[in-house]
Each structure stands twice: as structure tokens, then as C-alpha cells.
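Structure first, then comments.
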Amino acid sequence: MRYFTAIVHQDADSAFGLTFPDLPGCFAGADSWDGIPAAANEALDLWFEDQPDVEPSSLDALRQMPAVQQALSEGASLITLPYIPADTAIERINVTMERGLLRSIDETAKARGMTRSGFLAAAARHELVGA
């Protein structure tokens, strides 16, 4: 998993805007601070659909960029977000866990109309990226 840093902009009484210094043209918007991870992940997925792979810059390197310094001086902030590349290939795995936990997972997945695998994947994604 790689981590990309976004510049978070917000004008008074507006949504949050995100730009990624390492990824020209990659941007996102979120209505709330809590919505930033999901919006960022969607923007990163879309950007990488037709762009070459990019290694993220370190936070120290980003802070040295004039555009980042300018944004920060204007009140923006930086947020570093985990990115899990979209890869829809399915891989079978073997997982061991407590029986009671497994029963709870199965009951909850069934109530939500999900499979066990789908539920576990969604829970893992939520824990990793908040989306």
C-alpha cells in the first residue's frame, strides 16, 4: 500500500477540495472532513486508470515544493492518505478466526445481503482507508 499526500483547500462555508502535488490533474471534493478518504480514493482510482504508475514523494519533499508552500501559506493543509490500487482479480485465501466472531460476521453479512467474503473485504477496506 502506498500513501499519497493531498493539499486540502476550503474556502469559507464550502466543501473541501483536494489536489495531489504528485499527480497533475488529480483532484477531488468532499462535503465533510470525514468524506475526504473516500473521495480521495475514488479520485486516485480514476487518475491511475489511464496514467502511469507514480511513486509518491516524501512529505519533506512535498513541503519544499513552491506550489505546496504557497497553498499552505494561504491556509490549506496537507493530509496523507493510504491508496489501495483497484485490482478486481479475485484471490482465494484461508483465514482463521474465533468461531463467535465468524458467526457474527455471517449474520451481519446475511442481514446486509452480502457474502462473507464481500463483508470481510469491505470491512478491511474501511479499516485501511476509511472508505
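Just so you know, all these numbers are worked out from the coordinates, no wet-lab data involved. Bear in mind that the values here come from a model prediction, so they are computed numbers and not experimental data. Neighbour counts are summed over all protein chains in view; Cβ atoms, including those assigned to glycine, are modelled from backbone coordinates with ideal geometry.
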query = Build a GNM of the chain with springs between Cα atoms under 10 Å: which of Leu18, Leu102, Leu59 gets the top mean-square fluctuation?
reply = Leu102
Dimensionless Rg/Rh of the range 2-83 - Kirkwood Rh, Rg from C-alpha atoms = 0.94
task = Could you work out which residue, out of Ile84, Ile93, Ile105, moves most in a Gaussian network model of the chain, that is, has the largest mean-square fluctuation with Cα springs under 10 Å?
result = Ile93
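What stretch of the chain, leaving out the sites themselves, is the longest with no GluC sites (Glu not before Pro) in a DSSP loop having at most 14 other Cβ atoms within 10 Å?
The longest such stretch corresponds to 1-73.
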key: Loop-resident sites, the range 18-125, for trypsin sites (Lys or Arg not before Pro), counting at most 16 other Cβ within 10 Å (DSSP)   = Arg92, Arg112
ask   = Per the Cauchy relation, a quarter of the hull surface: what is the mean projected area of the convex hull of the alpha carbons in the range 13-131, in nm²?
value = 10.4 nm²
note = Along the dipole axis of the chain (charges at Cβ: +1 for Lys and Arg, -1 for Asp and Glu; origin at the Cα centre), the most positive-end residue among Phe48, Val129, Leu81 is Val129
ask   = In nm, to one decimal, how far is the Ile84 label point from the Ala124 one, both placed 7 Å along Cα→Cβ?
value = 0.7 nm
ask   = Given springs between every Cα pair under 10 Å in a Gaussian network model of the chain, which of Thr96, Thr19, Thr115 has the largest fluctuation?
value = Thr96
